[in-house]
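Engineer: Here it is, the structure, as C-alpha cells.
The values are calculated or read from the model by the stated rules, or taken from the named source; none is laboratory data. Only a predicted model underlies this, so the values are computations on that prediction, with no experimental measurement involved. Don't worry about glycine lacking a Cβ; one is built from the backbone with ideal geometry, like all the others, and counts go over all protein chains shown.
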Amino acid sequence: MNNHLSRRGLLGLGLGAGSAALLAACGDSGPSDKVTGGQNAGPAAASYSGPNVTLAFWNGFTGGDGPFMKKLVDQFNTEHPNIKVTMNVYQWADYYQKVPAAVATGNGPDLGIMHVDHVATNAARGVILPLDDLAKTLNLTEGDFSPPVWNAGTYRDTRYAIPLDVHPLGLFYNKTVLEKAGLDPAKPPATADEYMAALDQLKGKGVAGHWATPFPFTGQMQFSTLLWQNGGKLFDEQGTAPLFAEQPGVQALTWLTDLVKNGYSPKNVAQDADVVALRNGKNAFNWNGIWTINTLREDKALQWGVAPLPQIGTQKAAWAGSHQFVQFKQKAKDDNKLTAGKVFINWISQHSIEWAKAGQVPARKDIRDSAEFTALTEQAAIGTQIDYLQFLPATPGIADAMATVDTAVNEAILLRKEPAKALADAAGKAGQILEGNRKKYGA
C-alpha cells in the first residue's frame with residue numbers, strides 16, 4: 001500500500017496510488033484469464049419467493065460506518081425470512097486482494113461493495129457481473145440518482161454497479177477562527193475572490209488559513225477538483241491519454257503551491273495535519289471528505305461548519321468517491337442467489353437514509369430529497385454538489401496512472417518541482433502506464 005495514504009484512506013477510499021498497489025497485488029495475468037461476466041448473470045426481480053438462500057456480502061466498512069451497514073443487513077434479514085445475508089468485513093486493502101482471488105477459485109462472495117474506480121478493472125477481469133437487468137426490472141435510470149454517479153458504474157456500455165452513495169469533498173471551517181479574524185462564520189466563502197479575501201484577512205491575523213497537503217489524501221483530491229473547475233480533465237474520455245499536464249492542470253497546481261509560497265499555508269504539511277490544525281484552531285479552512293463530519297463531531301467543544309467547495313475556477317466541480325454494489329461471478333450459476341442478491345441491493349438502496357447517518361450522501365435522489373436527509377444538515381450541505389461531482393474514466397487500471405498524479409502533487413506542493421515540470425514528468429509516466437494497461441486488459 002502506498003505509504004502516502006493515511007489510515008483513513010485505507011478505511012474509506014482505496015484510491016489513487018493505493019488502488020494501483022492493491023490491484024497489482026491481485027496478480028492479474030491479463031486478458032487471457034478474462035471470463036465474460038455475462039455468462040452467469042441471472043434474472044432480476046423486485047422480490048424473491050424462492051427457496052431459502054444464504055448470501056455472502058463482503059465489504060470494507062471497518063470504521064464507524066460498519067455498524068450502520070450491519071444494522072441494515074439485520075433489518076433486511078428480519079423482513080426477508082427466505083434470504084439470509086452474512087456480512088464479512090475486511091480492511092479495504094485486504095478486500096481488494098481477497099475478492100479476485102476468491103472468485104478465481106470459485107469461492108467468492110455473492111455480493112460486495114466496490115469503490116467506483118475499481119469497477120471497470122474488475123469488470124474487465126470477469127470478477128463482477130453485469131447488472132443491466134436489475135436496472136431495467138426496477139426501472140432505474142440516471143434520473144433516480146444523478147448523471148455523474150449513475151454513469152460511473154458502467155463499463156463499455158454495460159452496467160456493472162448500482163450506486164449506494166457518494167462521498168465528496170466539502171469546505172470544512174472553524175467558526176471560532178473565522179470570528180476572531182472578523183469574518184462571518186455564517187457565510188463561508190463561495191467564490192475565488194471571497195476565498196482569497198478571507199485568506200488575506202486571516203493572514204493579517206497571523207493565521208495560515210488553508211494548509212496545502214502534499215499527500216494524495218487529500219492533496220491530489222484538491223488538485224483534481226481545481227483542474228476540473230478550470231475546465232480540464234485528468235484523462236481523455238476513454239482513459240487512454242493523460243490530460244492533466246495541460247494548462248488547466250498547471251493552473252490548478254499553481255494555485256495550491258501559491259498557498260505555500262504566499263504564506264497562506266505552512267510548508268511541509270504532514271499527513272492529516274491540516275484537519276488536526278482545523279480542530280486545534282490553527283487554520284480556518286480544510287477541503288476534506290464527507291467522512292470528516294463524524295471526526296469533527298467527536299470534539300464537542302469545537303465550533304465548526306461545512307459548505308460546498310468554493311468555485312475557484314470557471315465552473316463548479318468537486319472530487320468525489322462512490323461506494324457501489326456489485327455481484328460476483330460464481331463457479332456455478334445459481335439463479336436463486338442472483339435474484340435474491342438483486343432484491344438485497346434494491347432494498348438497501350431504498351433504505352439508504354440510514355446509511356446517510358454514517359456520514360455519506362445517498363446516491364438515490366428520492367432519499368436525498370427527503371426531509372430526513374435535509375435534517376442531516378452537514379451531509380445535506382455537501383450533497384448539494386451532487387450534479388457536478390467528477391469521477392475517473394471507467395477504464396481498467398486507471399488508478400495505476402493516478403499514482404503519477406499523486407507524485408506530481410507531492411513534488412510541487414513540497415516546492416521540489418515547479419507545477420508544470422512536475423505534471424509533465426507525471427504525464428509521461430502515466431502515458432506509459434495507460435499503454436501497458438491497454439495491452440494488459442485488452443484494447
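Engineer: How about segment 272-300: which of its residues are part of a loop (DSSP other than H, G, I, E, B) and either in contact with a Cys (Cβ under 9 Å, 6 or more places away or on another chain) or among the charged types (D, E, K, R) (or both)?
Structural biologist: Selection gives Asp272, Lys282, Glu298, Asp299, Lys300.
Engineer: Just to be sure I understand the filter: pairs with C-beta atoms under 9 Å, separated by 6 or more residues or on different chains, first member in segment 93-116 and outside the structural domain of Gln330 (by TED's automatic domain parsing), second member modelled with pLDDT under 95 and surrounded by fewer than 21 Cβ atoms within 10 Å (Cβ to Cβ). Which pairs pass?
Structural biologist: Listed by first residue and then by second, the contacts come to nothing, as the list is empty.
Engineer: Of the conditions (1) in the same structural domain as Asn59 (by TED's automatic domain parsing); (2) in contact with a His (Cβ under 9 Å, 6 or more places away or on another chain); (3) among the hydrophobic types (A, V, I, L, M, F, W, C), Ile162 fails just one. Which one is it?
Structural biologist: For Ile162, the failing item is (2).
Engineer: Restricting attention to segment 143-182, which residues are assigned to a helix (DSSP H, G or I) and among the basic types (Lys, Arg)?
Structural biologist: Result: Lys175, Lys180.
Engineer: In segment 237-273, how many residues are surrounded by fewer than 16 Cβ atoms within 10 Å (Cβ to Cβ) and at positive phi?
Structural biologist: The total comes to 2.
Engineer: Scanning segment 80-98 for residues that are more than 19 Å from the chain's Cα centre (by Cα) and buried (at least 22 other Cβ atoms within 10 Å of the Cβ), which turns out farthest from Gln390 (Cα to Cα)?
Structural biologist: Here the answer is Ile83.
Engineer: Restricting attention to segment 135-155, and to residues there that are under 21 Å from the mean Cα position of the chain (by Cα) and aliphatic (A, V, I, L, M), which single residue is surrounded by the most Cβ atoms within 10 Å (Cβ to Cβ)?
Structural biologist: Taking the candidates together, the pick is Ala152.
Engineer: Which condition number does Glu378 fail, the rest of (1) modelled with pLDDT of 95 or more; (2) within 14 Å of Pro147 (Cα to Cα); (3) acidic (Asp, Glu) being met?
Structural biologist: (2)
Engineer: May I ask you to verify whether Asp132 is more than 20 Å from Val103 (Cα to Cα), touching a strand residue (DSSP E or B) at 6+ places or on another chain (Cβ under 7 Å) and surrounded by 24 or more Cβ atoms within 10 Å (Cβ to Cβ)?
Structural biologist: no
Engineer: Please pick out the residue among Gly263, Gly232, Gly219, Gly206 that is assigned to a loop (DSSP other than H, G, I, E, B) and under 25 Å from Val119 (Cα atoms).
Structural biologist: Working: Gly263 fails: under 25 Å from Val119 (Cα atoms); Gly219 fails: assigned to a loop (DSSP other than H, G, I, E, B); Gly206 fails: under 25 Å from Val119 (Cα atoms).
Being assigned to a loop (DSSP other than H, G, I, E, B) and under 25 Å from Val119 (Cα atoms) holds for just one of Gly263, Gly232, Gly219, Gly206, which is Gly232.
Engineer: Still on this structure, I have one more. Tell me, which helices (runs of 4 or more DSSP H) wholly within segment 336-414 include 2 or more residues that are within 21 Å of Phe223 (Cβ to Cβ) and among the polar types (S, T, N, Q)?
Structural biologist: Numbers: elements: 353-356, 365-368, 371-374, 377-383, 398-413.
Answer list for segment 336-414: 398-413.
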